[in-house]
Amino acid sequence: MAIEQDVLVIGGGLAGVTAAVSAARTGADVRLVSYKQPTLRHASGLIDVLGYTPDGEGPLVDPVAALDDLPEGHPYERVGEDAVRAGLALFDDLAGDTYEGNHTERNALVPTQGGRVKPTARYPASTAAGLASDERDALLVGFERLVGFDAPLSAAQLNAAGAPFEARGATVEFPVELSADPKVTRFAHLLDRDEAGEESQDGSVRRALAERVTTHLDGEARVGFPAVLGDDHPEDVRAALETHLGVDVFEVPMGPPSLPGFRLEDRLYDALDAAGVRIETGNPVVGYETDGRDDDLIEAVTVDRNGATVPYAAEQFVLATGGLVGKGIDSDREGVAEPIFDCHVTHPPDRYDWFEDDAFGDHRFARFGVAPDRELRPRDARGTVEFDNLRAAGAVLGNYDFAAEKSGSGVSLATGHEAGRLAGDDT
């Protein structure tokens, strides 16, 4: 017997969560199924809308103003400016005061771990004091055993890039004895608990860390740390360091695994619970069923649960399984495919045309994905809608290069919101 709901969302990343909440807000009964851990924890936690045009122009000051010039077939062109604004508004509602940037449509410039400056539309409150538009000098601090952040190198890169402030870098020993290559969560949990710091008279890890950083301060008005300042209590950790140091403190976004990503994931999954969305993780969707009379309508998907396939029926389905990295789009020597519904993915037949010899060239594989109509229903090679009750959102969509454009989060929010709203309205 099939498990039934009005809307079934497949995928637990930003697009899937957005689609599920959006559908639930229409009054629909929604279930989200996800096989793997959400990709949010591997992302920087920054919410990009559009940092560069497809031609590489940028960084863009106003991402919304550039939407009209995007080529036909781009996900933003499919859903339109209103959907972009609606997706951002939904994110602002879910993120609350943990994120900033909604006071303007202009991109903020956020320094990252490599000393680069990234244009982004929304950013964690923990990074706000570190914006590159701020002309106050900054001290960047790294930890001896945290290999993912070289503070002196990052500072040097920022200075070389012409940041409007002077950056210096220093590396300190974390005030708790650690293994040679500790996980980033180890630093965060020690700062959360704020105990066992033998270097400080009151046993506070936060105070002991501040004492070590103070010796490196030379008039800077702000201090940047790698983004490991707490997992459960990041606001308390940052506030304590600001009190002890007497300057503003900010986090520098890092690569995976990402504490800001973990925090955002927790926030969004709490929002799913609050919206009444039922969540299932750990079991893959392996196929689909039609009723045999109308192959344009999906009746159910089949989920592999410990070797047994279980049907999950719904009136509407949203595909938000990710792109090539997330295995929402698959490839082998025979070609490129969407593995659950076998939706069409346009690609050159010759595999050598999928990429360029130049490592930073215009690689076609970066734009592989399904091509939807304006209601986000995947279309076949002739442009015909494949299933009337299936919509796609996020990185499973094609015709854009989210890494080059810095548009991944924005596309997930805009298309996720639109796919969820349309699916909910059609139930």
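The values are calculated or read from the model by the stated rules, or taken from the named source; none is laboratory data. Just so we're clear, the structure is a prediction, and the values are computed from it rather than from any experiment. We place every Cβ from the backbone using ideal geometry, glycine too, and count neighbours over all the protein chains shown.
Couple of notes before you dig in:
- Residue among Ala43, Ala23 that alone is more than 17 Å from Lys118 (Cα to Cα) and of a type in the set (A, V, I, L, M, F, W, C): Ala23
- Complete set of residues in the stretch 134-172 that are under 24 Å from Glu211 (Cβ atoms), modelled with pLDDT of 95 or more and hydrophobic (A, V, I, L, M, F, W, C): Ala138, Leu139, Leu140, Val141, Phe143, Ala151, Ala155, Ala167, Ala170, Val172
- Qualifying residue in the stretch 9-16 (condition: of a type outside the set (Asp, Glu) and farther than 20 Å from Tyr312 by Cβ): yes
- Residues located in the stretch 325-343, provided they are in a loop (DSSP other than H, G, I, E, B) and either in contact with a strand residue (DSSP E or B) (Cβ under 7 Å, 6 or more places away or on another chain) or acidic (Asp, Glu) (or both): Ile329, Glu334, Glu338, Pro339, Ile340, Phe341, Asp342, Cys343
- Residue among Ala359, Ala308 that alone is of a type in the set (A, V, I, L, M, F, W, C) and farther than 28 Å from His42 by Cα: Ala308
- Any hit, the stretch 237-251, residues being modelled with pLDDT under 95, out of contact with any Phe, Trp or Tyr (no Cβ under 7 Å at 6 or more places or on another chain), on the phi < 0 side of the Ramachandran plot and not polar (S, T, N, Q): no
- Residue in the stretch 228-278 that is nearest to the chain's Cα centre (by Cα), counting only those that are of a type in the set (A, V, I, L, M, F, W, C) and surrounded by fewer than 16 Cβ atoms within 10 Å (Cβ to Cβ): Ala274
- One residue stands out among those in the stretch 18-60 that are assigned to a loop (DSSP other than H, G, I, E, B) and among the charged types (D, E, K, R): the one that is farthest from Gly287 (Cα to Cα), which is Glu57.
- Filter pass, Ala95 being under 21 Å from Arg367 (Cα atoms) and not in a loop (DSSP other than H, G, I, E, B): no
- Of all residues in the stretch 281-298, those satisfying the criterion of being more than 16 Å from Glu338 (Cβ to Cβ), touching a strand residue (DSSP E or B) at 6+ places or on another chain (Cβ under 6 Å) and touching a residue at least 24 places away in the same chain (Cβ under 8 Å) are Thr281, Asn283.
- Screening Thr281 with (1) under 22 Å from His42 (Cβ atoms); (2) at pLDDT 95 or above gives one miss only, at (2).
- Tally of residues being among the basic types (Lys, Arg) and crowded, with 24+ Cβ neighbours inside 10 Å across the stretch 402-423: 1
- Checked against the criterion of being of a type in the set (A, V, I, L, M, F, W, C), within 15 Å of Ala414 (Cβ to Cβ) and either in contact (Cβ under 8 Å) with a residue 12 or more places away in the chain or surrounded by fewer than 18 Cβ atoms within 10 Å (Cβ to Cβ) (or both), the candidates Val141, Val64 yield just one match: Val64.
- Arg333 being surrounded by 16 or more Cβ atoms within 10 Å (Cβ to Cβ), charged (D, E, K, R), in the same structural domain as Arg85 (by TED's automatic domain parsing) and at pLDDT below 95: no
- Top-ranked residue in the stretch 358-395 [being touching a helix residue (DSSP H, G or I) at 6+ places or on another chain (Cβ under 8 Å) and assigned to a helix (DSSP H, G or I); ranked as surrounded by the most Cβ atoms within 10 Å (Cβ to Cβ)]: Gly394
- Of the residues screened, Arg267 is not one that is outside the structural domain of Gly11 (by TED's automatic domain parsing) and basic (Lys, Arg).
- Every residue from the stretch 124-151 that is of a type outside the set (A, V, I, L, M, F, W, C) and either over 27 Å from the mean Cα position of the chain (by Cα) or within 14 Å of Met254 (Cβ to Cβ) (or both): Pro124, Ser126, Thr127, Gly130, Glu135, Arg136, Asp137, Gly142, Glu144, Gly148, Asp150
- Condition broken by Val249, with the remaining ones in (1) part of a loop (DSSP other than H, G, I, E, B); (2) touching a helix residue (DSSP H, G or I) at 6+ places or on another chain (Cβ under 6 Å); (3) of a type outside the set (Ser, Thr, Tyr); (4) farther than 24 Å from Gln37 by Cβ satisfied: (1)
- Of all the numbered requirements in (1) crowded, with 22+ Cβ neighbours inside 10 Å; (2) touching a helix residue (DSSP H, G or I) at 6+ places or on another chain (Cβ under 8 Å), Glu100 misses one, and that requirement is (1).
- Only listed residue being within 26 Å of the chain's Cα centre (by Cα), aliphatic (A, V, I, L, M) and farther than 21 Å from Gly130 by Cα, chosen from Leu178, Leu190: Leu190
- For Val61, the conditions (1) of a type in the set (A, V, I, L, M, F, W, C); (2) within 23 Å of Leu264 (Cβ to Cβ); (3) at pLDDT 95 or above all hold with the exception of (2).
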